[in-house]
Amino acid sequence: MKDITALVFGFNNYASEIIDNVIQKYKKVYTYSLDVKDAENEKYKIKNFDLSDEWNEVAELINNNRCIAFCVLEDDAQNIFLTISLRASFKELMIVALATNKESADKLEMAGANKVIPIVKTTADIISNIITKPIATKVLHSILYEESDLKIAQILVEKADDFHGEFPADIDWSRYKGILVLYIMHADMSREFIYSSKAKHNSLINGDILIVTGYERDIQEFEKLIGSRKYVNWGNWSW
Amino acid sequence: MNFLKRLVIDASYSIDGSKSYQKQKRFFYNLLEEDSYKYKKYFDITMIMLIFASIAILIGEVKHDLDESLIYFNSYIISLIFLIEYLLRLWVNSSVSKIIINRYEYDSFIGRDFNLYKALRNVAATKFSYIFSLRAIIDLLAVLPFFHELRLLRIFILFRVFKLFRYTKSFQTLASVLATKKFEFLTLAMFSSIVIFVSSVLIYVMEANNPDSPINTLYEAIYWSVVTISTVGYGDITPITDEGRFVAMLVITAGIAVLAFTTSLFVSAFTEKLDEIREMKTIEDISNIKKFYLICGYEDVAREVAMLLRNQHKDIIVLDEEYSRVENAKKDGFTALHYNPGSIESYHKLNMDISTQVAAILCLRNDDVENVYTALTVRSINKEIFILSLLMNETNRKKLIYAGINEVIYPQELVGMITKELVGQPVAFEAIHELRNEQSSINIDEIIITERILVNCSSIGELDNKRYRVVILGIYKKESGHFYFNPLDDIFLEEGDYLLVIGNRVFIQEFETNLHSKSKI
């Protein structure tokens, strides 16, 4: 992760939250704003850009680094235009874009965004979960956002032979103390629940990724036994 | 005399302070007058059935010899029930003890001797004002068939039909709608009366002396005039003189005007009151919903939340002070009311019981000021209800928490956290996202441990979850408030604990059903 450079296009509350959350994870974070006044911001170092196709400075960064771009302009139309401009210029660039509604989300995907975060829908999902399944939401939230000792991890299977061709659904995972295996992800990026029909008929092979949850120490033990922690390059992965 | 006064005052205070007396009076008041009282509808239905039974017996009696028991039932039993109802209404209508106490306290306050005569006069005035009200008169007339030996009094059974007004709300609504056009109806009635009077006299003068004319009396003239002005025109009585026919032409013209005016009055009265009638109906429906989520403010996030909750078959009520947003909610198929969620009066008007009926209050305006205002309003009514609110500006977070909001949702923060995780662990993120998504087949669910489940399973190991391809993520212990991840088989289950299970939605349902139904053999 530390070898990736983040480019944040647009400066607003969303941008500052993104910067604050990802700054520790990336090699460098560059922020660009359409508003010249933002360049005077004391907390963040902000550069100006416009929606023309002149990406000389950005192009240099993208060509010399592994980059991920966050398109967070408040105006949906401008955000879509920005996304399509970036995609037209940089075919391989990872683009994450924010959308206020489904219509914009669809257009952003058409414009070439690898990942779209629909703000309204995401917020509504969280609210709905909190009020209908408060305990489950709290637990999942703490696992995902590492607010407790519980973690979720992606483990690459490297010692599949140890399972002697057992099907994932039949393996007694309880022998790996403290670990719950939830999903299996295959080489073709398809993902399935541990007790799905497919998992009952396809044995585990090297290269499969197990999505497990447990305490860090138990996950580390599990890693030693079956493989290694896997950070997925999600360039080819979609929501 | 002083002894009598003291006796009356003491008795009044004793009755007023008697809990059992007040409880009984409150019960009968609710049963007879309080529309929101859950048993009132059963009482009303019973009374309506008695009325129809009574009318049916009256009709049957005209040409058939009915069984004596039916006549007895109609004349005595039903009349007696109506009499009891009449007396109960007279009783609950006002409080004699309160009137006497008020008088006594008033007299004491201004340093005068208690005036028993004035107190009794107030009591009589209050009771008689009820007795002479139209509703009470109808109630009394409905009791009169008790004296059925007097044949004339039997016709008073028909007054029982008027009692239907009491028990059927739509009649009351109709009356209230028409009451709004009282002045117009009065004008119309005066105009019609004048036309009828003038035309009756004219036709009588023109026709009565003509031996061939069917109009020979003033009564026949009035009858002809009413039939003509109402545009019914039976044709049994027609003027034969030229003058009489001229009067008929005038009356017919006036009749068209009267009919058109009457129709327009009804239409305009209902059009003006339509929204109010619908609102009343909605409020009535809301009072019958056992549990619902109250969404305050209907904007983009509120709309999405409402849709999600509806997909989970949850009841939702939307309140918004902006008419256009209320209309949007209605167009989306939600029960929405044009009420200010930040006003205490709104909740009183809606007649909702927040503590028992409302599952949670969601302040979802894109405006922190409005959300804080609404939260404070709700908190002033109920301290316990769960309130969730949107936060639009991080600097206002503390204000929302001070306002008593239990859960604050800041979309910007969510986006920040999401970007952090989806970039770091995209697959895990997607997995969790899928678990939370109601649309996906693999789901996380909460199963509460009930007494019945405990009869079948006492520990985690007895749950048999693997058979149903369900993963037990953990157990939330109610007593300690701790969550135990991946619990061991020997952990005991207790009533009120929550199991967090992951699996295919259908299998989770089967697993839960099995927990409730499986028997240990």
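The values are calculated or read from the model by the stated rules, or taken from the named source; none is laboratory data. Computed from a prediction, not measured in an experiment: that's the story for all the values here. Note that we place each Cβ from the backbone using ideal geometry, even for glycine, and neighbour counts take in every protein chain shown. What goes into the accessible areas is simple: the full protein's heavy atoms, side chains included, and nothing from ligands, DNA or RNA. Shrake-Rupley method; radii C 1.70, N 1.55, O 1.52, S 1.80 Å.
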For this session: Report the antiparallel proportion of the DSSP beta bridges in chain B as a percent, rounded to a multiple of 5.
Result: 45 percent
Problem set entry | Binned Cα-Cα distances of the range B:182-275, short to long, each 10 Å bin given as a whole percent | 17, 45, 22, 11, 4, 1
Exercise. Using Cα-only point scatterers and the Debye equation, what is log10 of I(q)/I(0) for the protein assembly as shown at each q in 0.06, 0.07 Å⁻¹, rounded to two decimals?
Worked result: -0.65, -0.79
Exercise. Based solely on its DSSP helices, what 222 nm [θ] is calculated for chain B when runs of n ≥ 4 H residues each add -39,500 (n - 2.57) and the sum is averaged over all residues, nearest 500 deg cm²/dmol?
Worked result: -19000 deg cm²/dmol
Problem set entry | 0 to 90° range, to nearest 10: angle between helix B:242-287 axis and chain B longest Cα axis | 20 degrees
Exercise. Using a simple charge model, +1 on the beta-carbon of Lys and Arg, -1 on the beta-carbon of Asp and Glu, nothing else, what dipole does the range A:89-192 show about its Cα centre, in debye to the nearest 20?
Worked result: 480 debye
Problem set entry | Within-12-Å neighbourhood charge of residue A:118 [Cβ basis; K, R +1; D, E -1] | -3
Exercise. Cα-Cα over 23 Å: which of B:163/B:349; A:121/B:331; A:45/B:399; B:127/B:163; A:115/A:159?
Worked result: B:163/B:349; A:45/B:399; A:115/A:159
Problem set entry | Alpha carbon centroid spacing (whole Å) that separates the range B:104-142 from the range B:449-487 | 66 Å
Problem set entry | Value of relative contact order over the range A:15-130, rounded to a whole percent, pairs C-alpha under 8 Å and six or more apart | 16 percent
For this session: Return one number: the angle in degrees, 0 to 90 and rounded to the nearest 10, between the long axis of the Cα atoms of helix B:19-33 and the longest principal axis of the Cα atoms of chain B.
Result: 70 degrees
Exercise. Residues of the range B:182-275: accessible area per residue at 1.4 Å, in Å²?
Worked result: 62 Å²
Seminar exercise, completed: For chain A the mean separation of alpha carbon contacts under 8 Å (6+ apart) over residue count, i.e. relative contact order in percent, is 14 percent
For this session: Translational diffusion coefficient, Stokes-Einstein: compute it for the range A:4-124 using the Kirkwood radius over C-alpha pairs as Rh, at 4 °C and 1.567 mPa s, and state it as an integer in µm² s⁻¹.
Result: 90 µm²/s
Problem set entry | Of B:214, B:293, A:84, farthest towards positive along the dipole that unit charges on Lys, Arg, Asp, Glu beta carbons give the protein assembly as shown | B:214
Problem set entry | Exceeding the 31 Å Cα-Cα cut-off - candidates A:138/B:290; A:91/B:420; A:28/A:177; A:177/B:398; B:290/B:478; B:25/B:182 | A:28/A:177; A:177/B:398; B:25/B:182
Seminar exercise, completed: Rounded to two decimals, the Rg over Rh value of chain A from Cα coordinates and the Kirkwood Rh reads 1.03
Exercise. How big is the equivalent ellipsoid of the range B:159-212 along its three axes, where each semi-axis is √(5λ) from the Cα gyration tensor, reported in whole Å from largest to smallest?
Worked result: 38, 17, 6
Exercise. Which whole number in µm²/s is D for chain B by Stokes-Einstein, with the Kirkwood Rh taken over Cα pairs at 25 °C and 0.890 mPa s?
Worked result: 79 µm²/s
For this session: Quick one: grab Rg to one decimal and Dmax as a whole number for the range B:456-521, Cα atoms only, in Å.
Result: 11.4, 33
Problem set entry | Rg and Dmax of the range B:204-247, Cα atoms only, in Å | 9.5, 27
For this session: Could you pull out every one of the aspartates and glutamates with an alpha carbon less than 14 Å from that of residue A:27, ignoring same-chain neighbours closer than 8 positions?
Result: A:3
Seminar exercise, completed: On complex formation of A with B, accessible surface lost, both sides summed, probe 1.4 Å, nearest 100 Å², amounts to 6500 Å²
Exercise. In debye, nearest 20: dipole of the range B:290-409 around its Cα centre with unit charges on the Cβ of K, R (+) and D, E (-)?
Worked result: 360 debye
Exercise. Out of every Cα-Cα pair in the range B:285-412, what percent are more than 19 Å apart?
Worked result: 43 percent
Exercise. Using alpha carbon centroids, what distance separates the range B:253-303 and the range A:57-112, in Å?
Worked result: 49 Å
Exercise. If you wrap a convex hull around the C-alpha atoms of the range A:1-68 and split its volume per residue, what is the figure in Å³?
Worked result: 83 Å³
Exercise. About its Cα centre, what dipole magnitude does chain B give when the only charges are +1 on Lys and Arg Cβ and -1 on Asp and Glu Cβ, stated in debye to the nearest 20?
Worked result: 1600 debye
Seminar exercise, completed: Net charge near residue B:478 (other residues with Cβ under 15 Å of its Cβ; Lys, Arg +1; Asp, Glu -1) is -4
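Counting Lys and Arg as +1 and Asp and Glu as -1, what is the net charge of the other residues whose Cβ lies under 14 Å from the Cβ of residue B:237?
It works out to a net charge of -3.
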Problem set entry | the range B:2-167, Cα convex hull volume normalised per residue, Å³ | 145 Å³
Exercise. Under 20 Å from the Cα of residue B:281, which aspartates and glutamates turn up, not counting those fewer than eight places away in the same chain?
Worked result: B:33, B:34, B:35, B:44, B:272, B:315, B:320, B:321, B:327, B:332, B:345, B:353
Exercise. Cα-based Rg (one decimal) and Dmax (whole number) for the range B:380-431, in Å?
Worked result: 14.9, 45
Exercise. To the nearest 10 degrees, how steeply does helix B:182-207 sit against the main Cα axis of chain B, on a 0 to 90 scale?
Worked result: 20 degrees
Seminar exercise, completed: Averaging 1/r across every pair of distinct alpha carbons in the range B:354-454 and inverting yields a Kirkwood hydrodynamic radius, in angstrom, of 16.1 Å
Problem set entry | Sequence of B:510, B:272 from largest to smallest accessible area, 1.4 Å probe | B:272, B:510
Exercise. Highest GNM mean-square fluctuation, chain A, Cα pairs closer than 10 Å: which of A:28, A:159, A:133?
Worked result: A:133
Seminar exercise, completed: Contact order relative to length for chain B, counting C-alpha pairs under 8 Å separated by 6 or more residues, stands in percent at 7 percent
